[in-house]
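So the structure is just underneath, and the comments pick up after that.
The values are calculated or read from the model by the stated rules, or taken from the named source; none is laboratory data. Note that the coordinates shown come from a computational prediction; the quantities given were computed from them, not determined experimentally. Cβ placement follows ideal geometry from the backbone for every residue including glycine, while neighbour counts extend to all protein chains displayed. Ligands, DNA and RNA are stripped out before the accessible areas are found, and what is left, the full protein with its side chains, is counted by its heavy atoms. Shrake-Rupley method; radii C 1.70, N 1.55, O 1.52, S 1.80 Å.
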Amino acid sequence: MDGYWQVLYDSFLRSHRNSNLLKLCVHILRQSIPNINTDVATGYMRFSVTQRTAYISAFNKYCFFFENLVIGRYINQIEECLLQFPAFSGYMEPENKALLLTGGNEREDMTLVPAVWWTLLFTAGLQNQNSDIIRKTIGEYLFRNYHEESRVSTFDSLRAHTFKTFLFDSLLPWAVQGHLLNKRLVRTDNEALSHHGDELAAFCTTVASCCSELSLPCIEITLQFLSDPKTKKNGHAAAYILQGFSFSKRWVPDLDIAEQVVQLPDKIPLSHRQRAIIFHQCLAISQRYEPDQKIDEEERQPSSRLLQFLRRQQSLADVAGIELRPSLRLPRDDDFIPSAEFIFDASTLSLDEFEAQTRETTGSIYTPCSHRPGFCLHGEALLSACEYVLQVFDQAPSGIDNALGLTVLHRIWFEFERQEHPSTFASLIPQVILHPTIVAASTTSPDLSAAITEYTHVLDNICRGNTYFWKPLAEAIRKAYTTTPGTLQLLSLENMIMAFINDPPKRKEEFFLDAALASRERTLFNHNLDIYADESNGHACVFDILNHLRPTDREFAFTSAEKIIEPWLKQKEPISVVSAWKKTSQLQALLILYEYSTSETEGTEKIFLRILTILQILAIEPLPRYRFLMEWMILSAAMKLPHDVAIVESLLTMLEHADHANPKLVSSLIKMNTQLIMHPDRAIVPPGAPSGVSYGGSSHEWSPSLKAQIASRIKSIIPKAEPPSLLYDSLATIHNLPRSDPESLTLRLLSTLNAFIASSKINIKHESMWSFATLYTYACNNSYSTITCNPAFNTMFHFFQGLEKYKNPPKSRIHEDFDISRDGNLACLFNGGYLRIEPAEVTLVRIEDFERLEPKNSLGAGRLPLGATPNGGIIGHPDTTLSPRPAPTAVELPVTNKSTPLQTKALHLNQNLAPVTTSLADLSLDKLYSNGNGPILIGSLLEIPHNLGGLSRVAEIFACESLHIPSLVLLKNPQFKNVSVNSETHITVHETPLSALVSLLRLKKSEGYKIVGVEQTDESVVLGNDAGGRGRDMMTEKCVVIMGAERTGIPADVLVECDGCVEIRQWGVTRSLNVQTAAAVVLYEWRRIWRDGGQDVRNTMEREALVSDVAAGARAP
């Protein structure tokens, strides 16, 4: 009997790529269970006759689960099924689980299904043909719920075999995919977390904690999977798996496992960091091996590879001062040199001695080299050398010999390049190259300066592909800048900083995955594990340099600003919303650099021209985020102008003359004028001046060249206003007239806004309404009587107060809320709400990064203050807004006697199966289904591929005999295929163009078919109205159903051929149904009458006729 179930089980495994064969297998399983007449207790099946009903119910539901997870593949159905799975552990004895049964509880009845069938279900669910979201849902459920319980005392070799096969062929190939680690990667402060990696490690820990009969085979098969060159694997996933095994406290690796583990780093493609992390795991696992334990009767000894690995880790432990377990204190070979001899000690070794001992030596810290004199820098010895050099530089505040320092740098850099820039030294190399002592020495040594410059630029290039170096390099540059004046020019850092501004080093998932792995087990034993998700600290260092530029670097600020703004000025319309070369970082840096543009140093004329330049870009820029930063620049520059320069009057005049064909520019002018008027002490009158006093005109005489540039800028900003010369003349005149007082300017702007509220441009209308309310509130707070006593203004304001959007502002309005006095700081610049405006952008820097730098700053206050939480709310990296999720736990459902209904879109096969006369392997798609026994469906009158695809779907669902369409070419049409969902492959489709339709109908009439048109006519029969049996008489068993064209229905020449027409009763007022919907209703009515077609209905009709005759005879006198 067990042979039958094994064949069926194997057939499931062989059929997982063919959904039709799987349907057949499920059907066979469903039909086989009720036919069991004796108790069965084998590896593949358990059945008790005394619990017959319970077993049949359990397997029926299992079949539904299989259809939904593997065949139907609808994610909502899968999620509902998983919630109804039993709270089980994969290999608990079914007899023990039977004790958990409560009266009528169907959910617990599922434990009657043997564990191997659950393994089969999940094996099929994780196959590649399923979508990623389905595999992810099933895989995460497995991590949380499907594993061996540690309390199991008995063991079944068949279950072990199926579980091992499941691990190797299904679960591990899915679990080790790199994109799964990346998609579920989140950040919390300076740490990273991969939820998928944590769940994978937790699953491996649970497996390793099982009974040894299962854990050891599963660990062996997992290591075999990781070692197999044919399997696809990911270095980070391998590290998580080894972490999971090493975290288990219940298992001790035998010799075979220990040797497999130490060989893994050579069998998996790994980066430097991955290799370091996996070596750490190998140590944690191999430490558990007892060298003197007896493996078998032959008392095998550890291999030389394992001994070498253990000695290597023991050597490193000596360096770190860490004691390994006594069983690992292995005797060293005579030719193995302790690593302590390769440690450079600054207290006993001078820099000259270090240079001499490293002059002509080679070798490796881990290879015998006792025959070579001196020391070497290969391998991990470079780490000791870097730490030694840093100590020496720290202890030499008065400087070092330039030639000696240059030689040492050359020596270390040569070895660093020979090892191909390993990221394991990322934190030390930049500190050595840019140490303040060596940078200070380079001011008097051109050769040393050239070497440092070259190495620094090479490191910068490395950062583009290796994020590990970015933070240490940026920190080293900032430290050198703060301690050594002239560093920017000395090391030619201008181009490097411009490259950062235009394209900051991008974060890579590999970097964060390394940080996530390292965060799980940081220790002093391995410096390679000091990895943090803190690349934004490096960004903060560069922006902090810009914010603290020395007065001697002002030329760099001006030149850099011009380089940034140049491509923005050269844009040609139309401007795309998102461009590859445009970055928020450019405008953030530009805003900081423009803080150096003061009237005392640059001149009023240049500042005013700069405002117009930004306005020119603002007039064409479509992205709100960029526009916000430009508005901020203009406001900041305007408030740095002397009070005798009428900047408010100038911008207000431009607003009044603005072209409403550019609503974005008008909206920006409204916001900027509102800000300036609400800050009169910074933009209108000098601080402390008496109110109501007019101030004299500008004493500045604009040069002819400046006047020409201003006229050119105005023409670009407002091309369709008054003739540009007139607008320019009005602006020039303003600067020679007495200034208006704040109340007059407020009244003037409110009057303008009052008119703009009637604009047909939505942007202008809404911005005017918001600014009107803000400005009116400001006027009331300052008791501007000319405004507060104006009934038109009062009525307008109270109207705004009653609007819902005024009470509950939209998010975009909250994000754009900005006050130059309150929000003009670094916090708003880098974490402000404007970054949330769609399309949202990941921020480069967090305010916490600047806070960490502030105590180390020796250059005083920056141009922009640090600031606090911006009004719009701090927004950091989108992933930082996610808090770490708690460890997932199995879903516990309340015990209930009522089973939740399950969707069954993946219908099992009961009627449409062809007779099974051959083996499963020989079954083909054509043999699997019998021909449909329903009506012939005619779609030759239809024209739209979308509708024909729907008609194909309907015809297949109701098992029509065949479907006729205008052309078979339509089967390849994308619109057809989108709706048909491959239904055309399961039904016979004929090509019948309209010209051949009449001939086809006459042929079918001669074969005994009745021709029925679906059309509203004066003689049509209403479906479902069986009065007099007209519906049954019309919808005969042999029937041809004609569907009309989308707009014109069935033409007259085809109606003539019809034996009759049917129509669908309507209760609403809409004229008609979609053609495939109408076809579905008609075909359902045919199935209602004829059921499965044929003899069943004829027998029913004969019985009804007989009963009628008997009743008539009984009534006869």
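Using each residue's phi in segment 127-141, evaluate 6.51 cos²θ - 1.76 cosθ + 1.60 at θ = phi - 60° and report the 3J(HN,Hα) Karplus result to the nearest Hz, with x for Gly and Pro.
With coefficients 6.51, -1.76 and 1.60, one gets 5, 5, 6, 6, 5, 4, 5, 5, 5, 5, 4, 5, x, 5, 5 Hz.
State the percentage of accessible surface on segment 537-589 attributable to carbon and sulfur atoms; use a 1.4 Å probe and exclude ligands, DNA and RNA. Mind showing how you got there, number by number?
Details: 1310 of 2200 Å².
Roughly 60 percent of what the probe reaches on segment 537-589 is carbon or sulfur.
Using a 7 Å offset from the Cα along the Cα-to-Cβ direction at both His179 and Glu1046, what is the distance between the two label points in nm, to one decimal?
3.5 nm
Evaluate the distance, in nm, between pseudo-label points positioned 7 Å from the Cα of Ser967 and of Asn128 along their respective Cα→Cβ axes.
Rounded to a tenth, the inter-label distance reads 3.7 nm.
Using amide H atoms built in the peptide plane, which far-off residues or other-chain residues are under 5 Å from Val1021 H to H?
Cys1061, Val1062, Glu1063
To the nearest 10 square angstrom, how much accessible area does Arg953 have with a 1.4 angstrom probe?
Using a 1.4 Å probe on the heavy atoms, I get roughly 100 Å².
Can you give the FRET efficiency for Leu569 and Val842, using 1/(1 + (r/R0)^6), R0 = 30 Å, r = Cβ-Cβ distance, to the nearest 0.05? Numbers along the way, then the final one.
On the way: r = 27 Å, r/R0 = 0.90.
Computed FRET efficiency for Leu569 and Val842: 0.65.
Karplus couplings for segment 958-971 from phi (6.51 cos²θ - 1.76 cosθ + 1.60, θ = phi - 60°), rounded to Hz, Gly and Pro as x?
9, 6, 5, 5, 6, 10, 10, 10, x, 8, 6, 4, 5, 5
Taking amide H atoms as placed 1.01 Å from N in the peptide plane, list the residues 5 or more away in sequence, or in a different chain, whose amide H sits under 5 Å from that of Cys1039.
HN-HN under 5 Å from Cys1039: Ile936, Lys1010.
Could you order the peptides 1010-1016, 749-755 from most to least packed, using the average number of other C-beta atoms within 10 Å per residue?
1010-1016, 749-755
Would you please give the residues with an amide H less than 5 Å from that of Ala192, counting only those at least 5 places away or on a separate chain, with H modeled from the backbone geometry?
Answer set, sorted by chain and number: Ala516, Ala533.
For segment 39-45, just list the computed ³J(HN,Hα) in residue order, Karplus coefficients 6.51, -1.76 and 1.60, θ = phi - 60°, integers in Hz, with x standing in for Gly and Pro.
5, 10, 9, 10, x, 9, 8
Give the distance, in whole Å, between the Cα centre of segment 165-218 and the Cα centre of segment 1-66.
With segment 165-218 and segment 1-66 each reduced to a Cα centre, they are spaced 31 Å.
List the chymotrypsin sites (Phe, Trp or Tyr not before Pro) within segment 546-627 that DSSP assigns to loop and that have no more than 12 neighbouring Cβ atoms inside 10 Å. Present the calculation step by step, with values, prior to reporting the outcome.
Details: sites: Phe556, Phe558, Trp568, Trp581, Tyr594, Tyr596, Phe608, Tyr626; in loops: Trp581, Tyr596.
Hits after loop and neighbour filter: Trp581.
Based solely on C-alpha atoms, express the radius of gyration and the Dmax of segment 422-500 in angstrom.
Computed over the Cα atoms of segment 422-500, radius of gyration and Dmax are 11.6, 33 Å.
Separation between the Asn502 and Glu991 pseudo-spin-labels, each 7 Å from Cα along Cα→Cβ, expressed in nm?
Between Asn502 and Glu991, the simple spin-label model gives 5.8 nm.
Fully extended, how many nm does the chain gain between Thr444 and Asp10 (0.36 nm per residue separation, minus their Cα-Cα distance)? Working shown, then result.
Details: separation 434, 0.36 × 434 = 156.24 nm, distance 8.00 nm.
That pair, Thr444 and Asp10, stretches by 148.2 nm at full extension.
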